[in-house]
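A.B. asks: Submitted below is the structure of interest, expressed as structure tokens.
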Amino acid sequence: MKRFSELTEQEILALAISLEEEHGRVYRDFAESLREKYPASSKVFLGMADEENSHRRQLIDVYKEKFGDHILYIRSQDVKGFIRHRPHWQIQAMGLDAIRKQAEVVELETRQFYERAIPLTTDIGIRKLLGDLAEAEREHESLAGQLIELHLTKEASEEEEETKRRMFVLRVVQPGLAGLMDGSVSTLAPLFAAAFASQSTWETFLVGMAASVGAGISMGFAEALSDDGSLTGRGRPLLRGIITGLMTTVGGVGHTLPYLIPDFNVATTVAILIVLIELWAIAWIRSRYMDTPFLQAAFEIVLGGLIVFAAGVLIGNA
């Protein structure tokens, strides 16, 4: 890799052309990835891509005038000092906020490149162009602001925020809630059956942990293998599987941990209280994110939990 200070004027211009071309293409990729769900933000990135393309043409004109038609092949990864960014397709998968943040980092890095390159050049035409482009990059923030004012109206912003909320519910809340419900409810029967059958807190704890971990693994695999998210918009299956599996385990472990208390009656009382808290939390999440009336959600969850709890107690006392 070359040191930045070792670059020639020809290499500086060639690198600048490469940067502007790369950024323009990435912005267009961002715009395309946002087109369906965030059309206003997509237009912002198309405007920024057009600006990068304009810079590229200016650089090519000066390069041809100074060094001819052959443009050296040099990229940012060939020069020390540049940030190694994540691939743009990974940024796209992280959502709108991550894309906007990445664009800010790119603009700052490009401006610093031009400012550092100016002292390395002696040609008056090249120095002027680099200075102009540094100023243009400095003004890109205001350009983005102007584009946002033009395209990202209040109505468009509200629509995009609602889309983000729906995506969060689909990709995080739904798999997490499914896991929490399964872990909290399905482990009640084996846990309390073991408790009342054995009257041993340690044995009950082991059964509860086994049921919780087993349910977490099972639910995690089931969610990860259910669909790839390409048609449903539910996101990456691996992430959904991890969320579902972890929340299933957490749901079961919550009312299992009290059985580390040696006294059986105290442990069982604490476990029942935690079950009630878990059921209330599930009802609140359903009310908050799934547009279900709280009383309806509470009734459904508590009824199901009581039935499973009763089954465990009856089996344990059989």
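A.B. asks: Residue by residue through the stretch 189-197, what is 3J(HN,Hα) from phi via Karplus (6.51 cos²θ - 1.76 cosθ + 1.60, θ = phi - 60°)? Round to whole Hz and write x for glycine and proline.
C.D. replies: 4, x, 5, 6, 5, 5, 4, 6, 6
A.B. asks: Expressed in nm to one decimal, what extension gain is obtained for the pair T122 and A210 from 0.36 nm per residue of sequence separation less their Cα-Cα distance?
C.D. replies: Taking 0.36 nm per residue and subtracting the Cα distance, the gain is 24.4 nm.
A.B. asks: Can you list the residues of the stretch 65-82 with backbone N under 20 Å from a point 7 Å past the Cα of R3, pointing along Cα to Cβ?
C.D. replies: 75-82
A.B. asks: For the stretch 167-316, how big is Rg over Rh, using alpha carbon atoms and the Kirkwood form of Rh?
C.D. replies: Taking Rg over the Kirkwood Rh, I get 1.02.
A.B. asks: To make sure I understand, if each residue's beta carbon is the centre and we count other beta carbons within 10 Å, what order do D78, D61 fall in, fewest to most?
C.D. replies: Listed from fewest to most nearby Cβ atoms, that is D61, D78.
A.B. asks: A further question follows. Is there a pair in K2/K66; K2/K64; K64/K128; K43/K80; K80/K128; K2/K43 whose C-alpha atoms are over 27 Å apart, and which pairs would that be?
C.D. replies: Going by Cα-Cα distance, K43/K80; K2/K43 fall outside the 27 Å limit.
A.B. asks: Moving to a separate point now. Tell me, V266, V79, V207 in order of fewest to most beta-carbon neighbours within 10 Å?
C.D. replies: Ordered from fewest to most neighbouring Cβ atoms within 10 Å, V266, V79, V207 come out as V266, V79, V207.
A.B. asks: With the crude spin-label approximation of a point 7 Å out along Cα→Cβ, what separation in nm comes out for S218 versus D78?
C.D. replies: 5.8 nm
A.B. asks: Given a Förster distance of 51 Å, report the FRET efficiency between E104 and A281 from their Cβ-Cβ distance, rounded to the nearest 0.05.
C.D. replies: Values: r = 37 Å, r/R0 = 0.72.
After rounding to 0.05, the efficiency reads 0.90.
Each value in this text was obtained by applying a stated rule to the coordinates, not by laboratory testing. Quick caveat, the model's predicted, so the values are computed rather than measured. Glycine gets a Cβ as well: all are built from the backbone with ideal geometry, and neighbour counts include every protein chain shown.
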